[in-house]
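The values are calculated or read from the model by the stated rules, or taken from the named source; none is laboratory data. From a predicted model like this one, the values you see are computed outputs, not experimental measurements. Neighbour counts are summed over all protein chains in view; Cβ atoms, including those assigned to glycine, are modelled from backbone coordinates with ideal geometry. We work out accessible area using only protein heavy atoms, side chains counted, and drop any ligands, DNA or RNA first. Shrake-Rupley method; radii C 1.70, N 1.55, O 1.52, S 1.80 Å.
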Amino acid sequence: MSTSSDDNRVWRVFYTRARAEKKCETRLDERRIDVMVPKRTEVRQWSDRKKEVTEPLFRNYLFARVDEKDRLRVLRTNGIARCVHFDGEPARLREETVERLQKAQAVPERLSTANLRPAVGETVTITGGPERLQGLAGEVLQHRGQTYLLVRVQAVRQAVKIQVAADWVQTTSDTQR
């Protein structure tokens, strides 16, 4: 529990150094900052034994409920690399999402992650990023780790590819709901 007033506190996303999530969670908890590292458990097999291990569900990420002053305290914590930003603003986790993650922790042996980025070849519409691109539809293409929107021009048997951030696009079926 933070010493700050609850009114200004929001859940922020922080990126940690490799394999430092649980240590950072302990350090922030000792500083009385609300922190959450969703974890999963699994049985690992070694040559001589089996052991149940607990590891972070989202590698290198932790969530902390902070105001601006506490956000800066978190950034000064050993093991924290940075605060995650989207469109120039610190990423914010909705309260409902936190509640769902906390509820899911009741069965850590059943948890795993899923990639929500659109699959290559899927038809998507740009819903974020530069306003001039919003509404443009095309096919997802990935090349050398970058995500592109492919707009086919069949008349000349060529295509235009536009580099986009994966979080700028939604599958076309999602945008029609």
- Note on the structure: Rounded to two decimals, the Debye log10 I(q)/I(0) of the stretch 59-158 (Cα scatterers, no solvent) at q = 0.11, 0.15, 0.24 Å⁻¹ is -0.59, -0.94, -1.28
- Query: Which ³J(HN,Hα) values in Hz, rounded to whole numbers, follow from the phi angles of the stretch 137-142 under the Karplus curve 6.51 cos²θ - 1.76 cosθ + 1.60, where θ = phi - 60° and Gly and Pro get x?
  - Reply: 10, x, 9, 6, 9, 10
- Task: Would you mind getting the accessible area per residue of the chain, heavy atoms of the protein chains only, 1.4 Å probe, in Å²?
- Result: 69 Å²
- Taking the chain as a Gaussian network, where each spring joins two C-alpha atoms under 10 Å apart, which residue of Lys103, Lys69, Lys50 fluctuates the most? Lys50
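From the square roots a ≥ b ≥ c of the eigenvalues of the alpha-carbon gyration tensor of the stretch 95-136, which class results: rounded (a/c under 1.5), prolate (a/b over b/c), or oblate? Intermediate results must be reported in sequence, preceding the final value.
Details: a/c = 5.93, a/b = 2.07, b/c = 2.86.
Taking the square roots of the gyration eigenvalues as a ≥ b ≥ c, the stretch 95-136 is oblate.
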- Task: Name the residue, out of Asp87, Asp48, Asp29, whose mean-square fluctuation peaks in a Gaussian network model built on the chain with Cα pairs under 10 Å.
- Result: Asp48
- Query: Using heavy-atom solvent-accessible surface (probe 1.4 Å) with all chains present, what is the largest-first order of Glu42, Glu89?
  - Reply: Glu89, Glu42
- Message: Cross-link candidates for Lys51: which lysines have Cα within less than 24 Å, leaving aside residues fewer than 8 places away along the same chain?
- Response: Lys22, Lys23, Lys39
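Share of Cα-Cα pairs in the chain beyond 24 Å, in percent? Each step should come with its number before you reach the end.
Details: 8260 of 15576 pairs.
For the chain, the share of Cα pairs beyond 24 Å comes to 53 percent.
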- Message: List the residues, sorted by chain then number, that are 5 or more residues from Val164 or on another chain and whose placed amide H is less than 5 Å from its amide H.
- Response: Thr147, Tyr148, Leu149
- Query: How much of the accessible area of the stretch 66-177, probe 1.4 Å, is carbon plus sulfur, in whole percent?
  - Reply: 47 percent
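Short version: what are the Cα gyration tensor semi-axes of the stretch 1-94, square root of 5 times each eigenvalue, largest first, in whole Å?
Values: eigenvalues 159, 38, 26 Å².
Result for the stretch 1-94: semi-axes of 28, 14, 11 Å.
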- Note on the structure: Of Arg92, Arg44, Arg31, the most mobile residue in a GNM of the chain (C-alpha springs, cutoff 10 Å) is Arg44
- Which whole-Hz couplings ³J(HN,Hα) result when phi for each residue of the stretch 150-163 is put into the Karplus expression 6.51 cos²θ - 1.76 cosθ + 1.60, θ = phi - 60°, listed in order with x for Gly and Pro? 9, 10, 7, 10, 4, 4, 10, 6, 9, 8, 10, 10, 10, 6
- Note on the structure: Between Ala114 and Thr41, the FRET efficiency computed from the C-beta separation at R0 = 25 Å comes out, to the nearest 0.05, as 0.90
- Query: Mind listing the phi-derived Karplus ³J(HN,Hα) values for the stretch 51-58, rounded to whole Hz, using 6.51, -1.76 and 1.60 with θ = phi - 60°, and x for any glycine or proline?
  - Reply: 8, 7, 10, 10, 9, x, 5, 10
